[in-house]
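Engineer: First, the structure itself, so that you have it in front of you.
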Amino acid sequence: MSAINTHQNNGLSFMDKFLLESLLKFFNEPYNFNILHRYRSAKKGKTNISVSLLDWFIVNYAKKNGIQYEIKKYGRRKTILVEQSYTAALYAHKKLYFDPFARGSKQGQDLIIYNDQGVEISTAIRQMNFFRWAISNGVIEYIDKHVDEIYKDMNKRSNRGRRKPSNHKKKQLSVSACKSLGIHSVKMTVKFE
C-alpha cells in the first residue's frame, strides 16, 4: 500500500486542505498513483501517452466523435458521455480546482507527493483532481485502448508545425456530435399483438 504525503502544504486554504485530504486518499491506491506518475513523467516524443494527448482526447476527439462507453461503478453499469461528464466536472470545480496541466496561479502549485518506494510526483491539487475524475470515469482506460487513433487524430488536426497567418481567425476544431444530429421524417408501422 502506498503512503502519500506532501512536502509543502503550508499556505493552503481550507478548501485546498479539504480537497487535498480526499485526493491523497484516492492517490494512496498504487494503481491511481502509477497512472498520475506515468502521465507526469511522459517525455515528449518518447511515447504517445501524455497530458497533452489526454487533454486533446477530452476537448476535441471525444467532442467530435461523441465518445461514450459503459463502466462499472459501485456495482452498477454506468454510461459515460465523455464531453458531458467533463463539462459537468469543469462546471462543478472551475479551472482553479480542475486542470490537467495545473495552469493558473501558484496557489496549490508545487505539491510533491510520494509513495512507499520513494517515487515522487510534482503536481498540484487541480491536476490531481482532474486525474481523479479521468481515472474514476474510465477515461484513462479508454485512451489506453485507443491511444494510436487518438494520437493520429491529434497530429492530423492540430496546428503543430504549421504557420498561422497573423490575421487568421480562430475556428472551432470539433463540433459537438449532439449539434450535428439531424431530424428526419420516417414512416413507421407499429403492431401490437
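Engineer: Mind listing whichever residues of region 120-138 are free of Cβ contacts under 8 Å to residues at least 60 places away in the same chain and among the aromatic types (F, W, Y)?
Structural biologist: Those that are free of Cβ contacts under 8 Å to residues at least 60 places away in the same chain and among the aromatic types (F, W, Y): F130, W133.
Engineer: Something else now. Six or more apart or on different chains, Cβ atoms under 8 Å: show the pairs whose first residue is in region 59-73 and without any contact (Cβ under 8 Å) to a residue 24 or more places away in the chain and whose second is surrounded by 15 or more Cβ atoms within 10 Å (Cβ to Cβ) and part of a helix (DSSP H, G or I).
Structural biologist: Q68/V82
Engineer: Look through I71, I113 and report the one residue that is surrounded by 14 or more Cβ atoms within 10 Å (Cβ to Cβ) and modelled with pLDDT of 90 or more. Let's see the steps before the verdict.
Structural biologist: Working: I113 fails: modelled with pLDDT of 90 or more.
The unique qualifying residue is I71.
Engineer: Within region 74-93, can you find the residues that are modelled with pLDDT of 90 or more, exposed (fewer than 14 other Cβ atoms within 10 Å of the Cβ) and not in a helix (DSSP H, G or I)?
Structural biologist: Matches in region 74-93: R76, R77, K78, T79.
Engineer: Moving on. Look at F57 and say whether it is surrounded by 12 or more Cβ atoms within 10 Å (Cβ to Cβ), over 28 Å from N155 (Cβ atoms) and either at pLDDT below 90 or aromatic (F, W, Y) (or both). Explain how you work it out, then say what you get.
Structural biologist: Numbers: surrounded by 12 or more Cβ atoms within 10 Å (Cβ to Cβ): yes; over 28 Å from N155 (Cβ atoms): no; either at pLDDT below 90 or aromatic (F, W, Y) (or both): yes.
No.
Engineer: Regarding L96, is this residue at pLDDT 90 or above and assigned to a helix (DSSP H, G or I)?
Structural biologist: Numbers: at pLDDT 90 or above: no; assigned to a helix (DSSP H, G or I): yes.
No.
Engineer: When you check V147 against the structure, is it touching a strand residue (DSSP E or B) at 6+ places or on another chain (Cβ under 9 Å), at pLDDT 90 or above and surrounded by 11 or more Cβ atoms within 10 Å (Cβ to Cβ), yes or no? Steps first, answer last, please.
Structural biologist: On the way: touching a strand residue (DSSP E or B) at 6+ places or on another chain (Cβ under 9 Å): no; at pLDDT 90 or above: yes; surrounded by 11 or more Cβ atoms within 10 Å (Cβ to Cβ): yes.
Against the criterion (touching a strand residue (DSSP E or B) at 6+ places or on another chain (Cβ under 9 Å), at pLDDT 90 or above and surrounded by 11 or more Cβ atoms within 10 Å (Cβ to Cβ)), V147 does not qualify.
Engineer: Let me ask another. Given the conditions (1) at pLDDT 90 or above; (2) assigned to a loop (DSSP other than H, G, I, E, B), which single one is not true for F101?
Structural biologist: It is condition (1) that F101 fails.
Engineer: A further question follows. Within region 139-153, is even one residue out of contact with any Cys (no Cβ under 9 Å at 6 or more places or on another chain), over 14 Å from Y39 (Cβ atoms) and not in a helix (DSSP H, G or I)?
Structural biologist: no
The values are calculated or read from the model by the stated rules, or taken from the named source; none is laboratory data. None of the values given here were measured: they were computed from a predicted structure. Cβ: placed from backbone, ideal geometry, glycine included. Neighbour counts: every protein chain shown.
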